[in-house]
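Undergrad: First the structure, then my questions, so here it is.
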Amino acid sequence: MSQFAINLLFVGASFALYIGIAIWARAGSTKDFYVAGGGVHPITNGMATAADWMSAASFISMAGLLASGGYANSSFLMGWTGGYVILAMLLAPYLRKFGKFTVPDFIGDRFYSNAARLVAVICLIVASVTYVIGQMTGAGVAFSRFLEVSNTWGIWIAAAIVFLYAVFGGMKGITYTQVAQYIVLIIAYTIPAVFIAFQLTGNPIPMFGMFSTHTESGVPLLQKLDEVVVALGFQDYTADVDNKLNMVLFTLSLMVGTAGLPHVIIRFFTVPKVADARWSAGWALVFIALLYLTAPAVGSMARLNLSTTIYPELAGQVQDEEAALQASIQHGEITTTDAAGFAAAEEWTDHPDIPEWMVTWAETGLIQFRDLNNDGRIQMYNDSADFSHLGWEGNELTVNNDILVLANPEIANLPPWVIGLIAAGGIAAALSTAAGLLLAISSAISHDLIKTMINPKISEKGEMLAARISMGGAILLATYLGLNPPGFAAQTVALAFGIAGASLFPALMMGIFSKRINDKGAVAGMLTGLILTLLYIFTYLGWLFIPGTNMLPNTPDNWILGISPLSFGAVGAMFNFAVAFAVSHATEEPPQEIQDLVESVRYPKGAGTAIDH
Amino acid sequence: MAEEKIDSADYWKANVRLITGCLIVWAFVSYGMAILFRPLLAGIPVGGTDLGFWFAQQGSILTFIVLIFFYAWKMNKLDQKFGLGE
């Protein structure tokens, strides 16, 4: 059976499973559609939250970014797990006690104003659509590989499937489907990692293998990796960062963003009791950590494997480094090239040195090669390093970070079924999160905007229709912007976190922990956080992420204090807190019944099930 | 009524105290051990690298899990003590 057929079999079988479960647990009422009837066990809910949460960014993209950035990108690991600590302590139990469906519900009621509700809806939509752009990027990579089509086609096919999937699901269908998706994605992520860790170090547990001895060279794996990347002109993999401020702010942005993301928060409305909301957050993090503790091993081992694929002699004990570098793999004769000199995909095949995976990935356009010095060999190194003494005229191989996880089993020569499994896992990750986000967007529009603010008399049917239309609109917009994404999947998603963290998180937290914050303070704070963060991001990444419309080049020298647009969410959040505090104290206290409401969300007793409207 | 008010104020205070303690640990392992203090820990080797790197990629995540379960366990006990359990 060909690899293509095996991929199709695995992806097809996993889809059949999800669709089967979705039909079995079909959403009957609008309430089921949003919150699954409020009766889900903490472990089940934790697993569903983990699937909801771990998207294409975690599954497909993150290890690739760790591979390319090394220690400096550890922020992704800490940020996307540490956020659960603040979620579990500062938000989840109280929002569960509050007991309504959506984030704008809480903000609108707590700040007793439709203006606050509307601003919350806007923040939610901006953050979620940005998030979906990242998902489309990642899903596009997965689909283009396994269907063997171009990346653009991959993105459109992914969009169609996500739409169909979310529109007929709803929360109840999604909760149980997501449990299945979690199981598929964690198996798919772990199995190749176990194989590769065993191959490289003899230790089958990736999180330990990463810190063990590299069998072939006899030195610790990370030390070997440092040696290899330094030989190729890159910075040490484990090197410390110069700008600690940026790293701290980036980590903080991802953490507060986690706690401000509507599709994650909504999960905590679906457990029966406040105590369960606390346990749920813990279980969610356990299930997330299974992947997050493995990801650094996947990243470092992929980087090592990729480098030693091109330079086989660097893998062992290197006696003569120059000789090892010059012994890079050869390629066949290239006759057809594009305008930039890159070889056409079909040119990749005719040399025994070229591994199979490069040929298949070349078709997606996500890995590209050109022979700059016409020496018949492939050179891959840091383009800003000078290797002219070896006759090199520039880096010849570009590998998109987002393909590393999916290509990893192929790079390590694992059996075809493992490759099929990882395709199914990557698609599960992208689908589950995109569906959860679309649900959050559609409930914000149909429930918070239309039902609560514009037309309270709308029928259940009308509300469901509005929900489905807004899902369609959101996915079209995100897909269109996803064709020219502002970064790799995980980076785009990090922007979404910055936006959510700067706008929604402070309002939610102050709504619970301060009785003094009033409607005016909350609205002013959210707007400040949202607008400042968007301005900073758009300045460097282009207005609405449209390429070429950025005001300043996106490089560290142009960033204020070296703060990257990815890290700015934390700064936005600080401004949000400060403005909300100042404005609230300059204006009147919230009315007594609101202070009583705050009092009541603080105590678990009598939470009941999620209140219907 | 008055007595219940005092009770709930105590409950909230205890909760905020517990959260503060947990968040100090949370910040210490991630921002401290993994980022700001990493140069100070450079002398402690862990499998080919140093302790700060291990905290950044493994240790902080493990600590976060312990923190959340610890908080849930403590709070559920507190709920019982104040008669606020469900």
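Undergrad: Of everything in the range B:75-86 that's touching a residue at least 60 places away in the same chain (Cβ under 8 Å) and within 7 Å of chain A (Cβ to nearest Cβ), which residue is farthest from A:Lys605 (Cα to Cα)?
TA: B:Met75
Undergrad: Just one of (1) crowded, with 24+ Cβ neighbours inside 10 Å; (2) not in a helix (DSSP H, G or I) trips up A:Val149, so point out which.
TA: (1)
Undergrad: Hey, could you check the range A:256-279 for residues that are under 17 Å from A:Gly436 (Cα atoms) and within 13 Å of another protein chain (Cβ to nearest Cβ) and say which is modelled with the lowest pLDDT?
TA: Of all residues in the range A:256-279, those under 17 Å from A:Gly436 (Cα atoms) come to A:257-271.
Still in the list and also within 13 Å of another protein chain (Cβ to nearest Cβ): A:258-259, A:268, A:271.
On the way: A:Thr258: 91, A:Ala259: 89, A:Phe268: 81, A:Val271: 76.
It comes out as A:Val271.
Undergrad: Is at least one residue of the range A:232-245 closer than 26 Å to A:Tyr84 by Cβ, buried (at least 24 other Cβ atoms within 10 Å of the Cβ), hydrophobic (A, V, I, L, M, F, W, C) and over 21 Å from the mean Cα position of the chain (by Cα)?
TA: No: the range A:232-245 contains no residue that is closer than 26 Å to A:Tyr84 by Cβ, buried (at least 24 other Cβ atoms within 10 Å of the Cβ), hydrophobic (A, V, I, L, M, F, W, C) and over 21 Å from the mean Cα position of the chain (by Cα).
Undergrad: Take the residues in the range A:280-308 that are over 15 Å from A:Leu91 (Cβ atoms) and within 8 Å of chain B (Cβ to nearest Cβ), then tell me which one is surrounded by the most Cβ atoms within 10 Å (Cβ to Cβ).
TA: Of all residues in the range A:280-308, those over 15 Å from A:Leu91 (Cβ atoms) come to A:283, A:286-308.
Still in the list and also within 8 Å of chain B (Cβ to nearest Cβ): A:286, A:289, A:292-293, A:296.
Values: A:Val286: 17, A:Ala289: 20, A:Tyr292: 24, A:Leu293: 21, A:Pro296: 30.
Among them, the one singled out is A:Pro296.
Undergrad: Working only within the range A:243-255, note down all residues that are within 11 Å of chain B (Cβ to nearest Cβ) and more than 23 Å from A:Pro206 (Cβ to Cβ).
TA: Going through the range A:243-255, the residues within 11 Å of chain B (Cβ to nearest Cβ) turn out to be A:243-252, A:254-255.
Listed by number, the residues that qualify are A:Asn243, A:Lys244, A:Leu245, A:Asn246, A:Met247, A:Val248, A:Leu249, A:Phe250, A:Leu252, A:Met255.
Undergrad: In the list A:Val579, A:Val601, A:Val583, which residue meets the criterion of being within 12 Å of chain B (Cβ to nearest Cβ) and crowded, with 19+ Cβ neighbours inside 10 Å?
TA: Numbers: A:Val579 fails: within 12 Å of chain B (Cβ to nearest Cβ); A:Val583 fails: within 12 Å of chain B (Cβ to nearest Cβ).
Exactly one of A:Val579, A:Val601, A:Val583 is within 12 Å of chain B (Cβ to nearest Cβ) and crowded, with 19+ Cβ neighbours inside 10 Å, namely A:Val601.
Undergrad: Separate question: Any residue that is surrounded by 13 or more Cβ atoms within 10 Å (Cβ to Cβ), facing chain A (nearest Cβ under 8 Å) and small (Gly, Ala, Ser) - is there at least one of those in the range B:67-74?
TA: In the first step, residues of the range B:67-74 are kept if they are surrounded by 13 or more Cβ atoms within 10 Å (Cβ to Cβ); the result is B:67-74.
Among the residues that remain, those that are also facing chain A (nearest Cβ under 8 Å) are: B:67-69, B:71-72.
From what is left, the residues that are small (Gly, Ala, Ser) are B:72.
The answer is yes, given that some residue of the range B:67-74 is surrounded by 13 or more Cβ atoms within 10 Å (Cβ to Cβ), facing chain A (nearest Cβ under 8 Å) and small (Gly, Ala, Ser).
Undergrad: Go through (1) at pLDDT 90 or above; (2) buried (at least 24 other Cβ atoms within 10 Å of the Cβ) and name the single condition A:Leu90 misses.
TA: All conditions are met except number (2).
Undergrad: Moving on to the next point. In the set B:Phe55, B:Phe28, B:Phe64, which member is within 7 Å of chain A (Cβ to nearest Cβ), in a helix (DSSP H, G or I) and on the phi < 0 side of the Ramachandran plot? Please lay out each step first, then the result.
TA: Numbers: B:Phe55 fails: within 7 Å of chain A (Cβ to nearest Cβ); B:Phe28 fails: within 7 Å of chain A (Cβ to nearest Cβ).
Exactly one residue qualifies, and that residue is B:Phe64.
Undergrad: Restricting attention to the range A:363-402, and to residues there that are in a helix (DSSP H, G or I) and modelled with pLDDT of 90 or more, which single residue is nearest to A:Gly487 (Cα to Cα)?
TA: As a first pass, look at the range A:363-402 and keep what is in a helix (DSSP H, G or I): A:388-390, A:401-402.
With the extra rule that they be modelled with pLDDT of 90 or more, the set shrinks to A:388-390.
Numbers: A:Ser388: 31, A:His389: 34, A:Leu390: 33 Å.
It comes out as A:Ser388.
Undergrad: Can you name every one of the helices (runs of 4 or more DSSP H) wholly within the range A:511-604 that holds 3 or more residues which are within 22 Å of A:Ala496 (Cβ to Cβ) and at pLDDT 95 or above? Give the steps one after another, and end with the answer.
TA: Working: elements: A:519-541, A:568-586, A:592-601.
Helices (runs of 4 or more DSSP H) meeting the threshold: A:519-541, A:568-586.
Undergrad: Same structure again: Output yes when any residue across the range A:21-38 is under 24 Å from the mean Cα position of the chain (by Cα), surrounded by 23 or more Cβ atoms within 10 Å (Cβ to Cβ) and at pLDDT 75 or above, and no when none is.
TA: Among the residues of the range A:21-38, not one is under 24 Å from the mean Cα position of the chain (by Cα), surrounded by 23 or more Cβ atoms within 10 Å (Cβ to Cβ) and at pLDDT 75 or above, which makes the answer no.
Undergrad: Here is a list: A:Thr81, A:Thr102. Which entry is surrounded by 24 or more Cβ atoms within 10 Å (Cβ to Cβ), on the phi < 0 side of the Ramachandran plot and at the interface with chain B (Cβ under 8 Å from one of its Cβ atoms)?
TA: Numbers: A:Thr102 fails: at the interface with chain B (Cβ under 8 Å from one of its Cβ atoms).
Checking each option against the conditions leaves just A:Thr81.
Undergrad: Here's a check for you: in the range B:38-52, which residue that is within 10 Å of chain A (Cβ to nearest Cβ) and outside any helix (DSSP H, G or I) is surrounded by the most Cβ atoms within 10 Å (Cβ to Cβ)? It would help to see each step written out before you state the result.
TA: At the first step, the residues of the range B:38-52 found to be within 10 Å of chain A (Cβ to nearest Cβ) are B:38-39, B:42, B:45-50, B:52.
Still in the running and outside any helix (DSSP H, G or I): B:42, B:45-50.
Values: B:Ala42: 14, B:Pro45: 13, B:Val46: 17, B:Gly47: 18, B:Gly48: 22, B:Thr49: 25, B:Asp50: 20.
Checking each candidate, the answer is B:Thr49.
Undergrad: Let me ask you something else. Could you grab me the full set of residues in the range A:104-134 that are assigned to a helix (DSSP H, G or I) and over 14 Å from A:Asp448 (Cβ atoms)? Even if it seems obvious, please write down each step before you answer.
TA: Step one: of the range A:104-134, the residues assigned to a helix (DSSP H, G or I) are A:104-110, A:114-134.
Once the filter is applied, which keeps residues that are assigned to a helix (DSSP H, G or I) and over 14 Å from A:Asp448 (Cβ atoms), the range A:104-134 yields A:Val126, A:Ala127, A:Val129, A:Thr130, A:Tyr131, A:Val132, A:Ile133, A:Gly134.
The values are calculated or read from the model by the stated rules, or taken from the named source; none is laboratory data. Just so it is clear, the structure is predicted and the values come from calculations on it, not from any experiment. All Cβ positions, glycine included, derive from the backbone under ideal geometry; neighbour counts span all protein chains shown.
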